[in-house]
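Since the structure comes first, as structure tokens, the remarks are kept for the end.
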Amino acid sequence: MITHVVMFRLKDRSPENLQKTRNFLLDLDGKIPSLRQLEVGIDLVRSERSYDLVLIAKFDNMAGLHAYQVHPAHVPVVAHMREIAEAAAAVDFES
């Protein structure tokens, strides 16, 4: 299994925007066949080193991750997140 983790630091860190963005990301669930599991969390600590949101997605294999990255439901999400995020960091690993 492949685990894809992306952390986002948003320009607008208001609680309302965090929840709206979480819901926006969760809307991917069920739209991409290779996406086996999706979790999106809002940071509770809110320290200087914290990111605001984390997306954790699971795929059967690297081919599934690649299919997700170019899927028509995912491409506009990437564009939107690039627009609203101040910073992002990702890690993909075998689990």
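The values are calculated or read from the model by the stated rules, or taken from the named source; none is laboratory data. Everything quoted here is computed from the prediction, not taken from an experiment. Backbone-built Cβ (ideal geometry, glycine too); neighbour counts: all protein chains shown.
General remarks:
- Residue list for the range 1-20, filter: more than 24 Å from PHE93 (Cβ to Cβ) and either over 14 Å from the mean Cα position of the chain (by Cα) or of a type in the set (S, T, N, Q) (or both): LYS11, ASP12, ARG13, SER14, PRO15, GLU16, ASN17, GLN19
- Residue tally, condition under 11 Å from the mean Cα position of the chain (by Cα) and not in a strand (DSSP E or B), over the range 71-95: 4
- Failed item, numbered, when TYR68 is tested on (1) in contact with a helix residue (DSSP H, G or I) (Cβ under 7 Å, 6 or more places away or on another chain); (2) of a type outside the set (Gly, Ala, Ser); (3) not in a loop (DSSP other than H, G, I, E, B): (1)
- Selection from the range 41-86 of residues that are surrounded by fewer than 16 Cβ atoms within 10 Å (Cβ to Cβ), among the acidic types (Asp, Glu) and either without any contact (Cβ under 8 Å) to a residue 40 or more places away in the chain or at positive phi (or both): GLU48, GLU83
- Against the test of being assigned to a strand (DSSP E or B) and either at pLDDT below 95 or surrounded by 12 or more Cβ atoms within 10 Å (Cβ to Cβ) (or both), the options LEU28, LEU18, LEU38 yield a single qualifying residue, LEU38.
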